[in-house]
Amino acid sequence: MTRRLHWFRDDLRLADNPALHAAADDGEVLCLYILDEGGNRRPLGGAARWWLSRSLAQLFESLRAKGGELVLMRGDPATILPDVVEGAGISHVTWTRRYEAAAITLDKRIKETLSDAGVTVTSCNGHLLNEPWEVVSKAGQPMKVFTPYWRAARERGEPGQPLAAPARVSPLKLPKALASQALDLADLALEPQKPDWTGGMREAWTPGEAGAQAQLEDFIGDGLAGYAEDRNRPDKRSTSRLSPHLRFGEISPRQIWHALAMARETGEAAGSDKDAEKFLSELGWREFSYHLLFHNPELASRNYDSRFDAFPWHRDDEALRRWQRGRTGVPLVDAGLRELWTTGWMHNRVRMVVASFLIKHLLQDWRAGEDWFWDTLVDADPANNAASWQWVAGSGADAAPYFRVFNPVTQGETWDPKGDYVRRWVPEIAALPDSLLHQPWEARKAELSAAGITLGETYPKPMVDLAFGRQRALEAFAAIKGS
């Protein structure tokens, strides 16, 4: 009987997992997850480690229900995987492709080692609708602007139908010499203990494949209608909240695409064509981000637009700390960062506002913000996170121009008009009337007193005058504009 190994990475699901399907199609399968501590990739942030722990627990149960087992190990995959393959007599290894430069290098190195030993290695696309090299310009070059990229991607036609989960996964037992290296989930120490700061995340999320499917069904049934407009409203539950499930591969973009198409055909999705197309375009931005990352491996650390290498950032560690903790004195910014700290997630419109405030009003390097999001987001994604921060900074591909400075007051009044979002996350100013909630510094002393607020004590004064910060940012950009 054929002895196969599927190496789980960012594909923690059974359904529509082409690489797992190839492994489980014939023979016994060793399902292996290795917590990579070989310095091969950017280490996961704290919030992502928590999610990974919960997702692995669910994957373990799903595999067990199919007759399989999940083996956990920790260390350098370049050493562990060949040792396991040799010791267990594996003849065929499968995995889902990754697209960061370090991961590509690691996978090529392992594939060469295994191939030289006579082992067949099969890698599959289970993470994207299109491979990053498949969508190109008419001249055959990588794309730099989202709209033509997405148009070209759509012209490739509908993605293939998703695969069902394997009916059974026949487990391959490890020999004793290798079994001693297998770990329990607790041994990976993915979740914080003292203190345990994950209570808000536990309340907000259900990691795992079943949780992903439930979230998708809930969104299509109740959240799609009005999505094209309401997706900008942080005061409403108006987004899909599928991003962390996609990040860890608990659901595939093909599953999302076809579930939406089926629901619209049967009338189970109440949204309009505009709502559906806008939602699909958000999948498109994820695809575009991976396209950018693949063709620009240093996207998280190097300006896509080299003019920004000369940008006069004003490094201020105290300003950064206040921003991180949601103590800027600007309510919408503070609300977003407190939501992030509590739940490991932030509404996308607010992500743009808090990023713009850090980069432009405070003149802090976008990489400091990207790094904070990497550590605190449950959906911290190597492509989306970097591409989106560079978009806001103006240094990225198809980026918002640097002189577009989000005004957090206007943004709050437009997208959180009754202040429900700010009041939830910044309760110390909740008693202010709607007209003052997004700019408490404009309130008179009597109004502040009536609301129980003392600026500078119960709630911070603004770190920066918004008009001054905007003008300073524009002057800084003018210094590099012609370079």
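The values are calculated or read from the model by the stated rules, or taken from the named source; none is laboratory data. Here the structure is a predicted model, which means the values were calculated and not measured. For neighbour counting, all protein chains shown are included, and Cβ atoms are generated from backbone atoms with ideal geometry for every residue, glycine included.
Note on segment 11-60: residues that are surrounded by fewer than 22 Cβ atoms within 10 Å (Cβ to Cβ) and part of a loop (DSSP other than H, G, I, E, B) total 13. Here MET73 fulfils each of the conditions (1) touching a helix residue (DSSP H, G or I) at 6+ places or on another chain (Cβ under 6 Å); (2) at pLDDT below 95 apart from (2). Count of segment 63-74 residues, restricted to those that are under 12 Å from GLU209 (Cβ atoms) and buried (at least 20 other Cβ atoms within 10 Å of the Cβ), is 1.
Specify the residue that is farthest from ASP235 (Cα to Cα); the eligible residues are those in segment 412-431 that are outside any helix (DSSP H, G or I) and among the small types (Gly, Ala, Ser).
Our first condition is that a residue be outside any helix (DSSP H, G or I); within segment 412-431, this holds for 416-419, 426, 430-431.
Checking the rest, the ones that are also among the small types (Gly, Ala, Ser) come to 419, 430-431.
Details: GLY419: 7, ALA430: 14, ALA431: 17 Å.
Here the answer is ALA431.
Table: residues versus (1) under 18 Å from ARG254 (Cβ atoms); (2) touching a Pro at 6+ places or on another chain (Cβ under 6 Å).
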| position | (1), (2) |
| --- | --- |
| THR96 | yes, no |
| LEU106 | no, no |
| THR113 | no, yes |
| VAL136 | no, no |
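Taking the listed residues ASP196, ASP235, the one that is modelled with pLDDT under 95, surrounded by fewer than 22 Cβ atoms within 10 Å (Cβ to Cβ) and of a type outside the set (A, V, I, L, M) is ASP196, with no other qualifying.
For segment 439-453, indicate whether the set of residues that are surrounded by fewer than 12 Cβ atoms within 10 Å (Cβ to Cβ) and among the hydroxyl-bearing types (Ser, Thr, Tyr) is non-empty. Within segment 439-453, one or more residues are surrounded by fewer than 12 Cβ atoms within 10 Å (Cβ to Cβ) and among the hydroxyl-bearing types (Ser, Thr, Tyr). Scan segment 454-463 and give yes if some residue there is surrounded by fewer than 23 Cβ atoms within 10 Å (Cβ to Cβ), part of a helix (DSSP H, G or I), aliphatic (A, V, I, L, M) and not assigned by TED's automatic domain parsing to the domain that holds LEU44, otherwise no. No, because not a single residue in segment 454-463 is surrounded by fewer than 23 Cβ atoms within 10 Å (Cβ to Cβ), part of a helix (DSSP H, G or I), aliphatic (A, V, I, L, M) and not assigned by TED's automatic domain parsing to the domain that holds LEU44. Annotation: of all residues in segment 151-177 being of a type in the set (D, E, K, R) and not assigned by TED's automatic domain parsing to the domain that holds GLU250, the one that is surrounded by the fewest Cβ atoms within 10 Å (Cβ to Cβ) is LYS176.
The residues in segment 319-352 that are crowded, with 24+ Cβ neighbours inside 10 Å, closer than 14 Å to GLY200 by Cβ and among the hydroxyl-bearing types (Ser, Thr, Tyr) can be counted, and the count is 0.
Out of VAL392, VAL378, which single residue is free of Cβ contacts under 8 Å to residues at least 60 places away in the same chain, closer than 30 Å to LEU293 by Cα, surrounded by 19 or more Cβ atoms within 10 Å (Cβ to Cβ) and not basic (Lys, Arg)?
On the way: VAL378 fails: free of Cβ contacts under 8 Å to residues at least 60 places away in the same chain.
From the options VAL392, VAL378, the qualifying one is VAL392.
Among the residues of segment 62-95, just one is within 18 Å of ARG168 (Cβ to Cβ), among the charged types (D, E, K, R) and without any contact (Cβ under 8 Å) to a residue 40 or more places away in the chain, namely ARG64.
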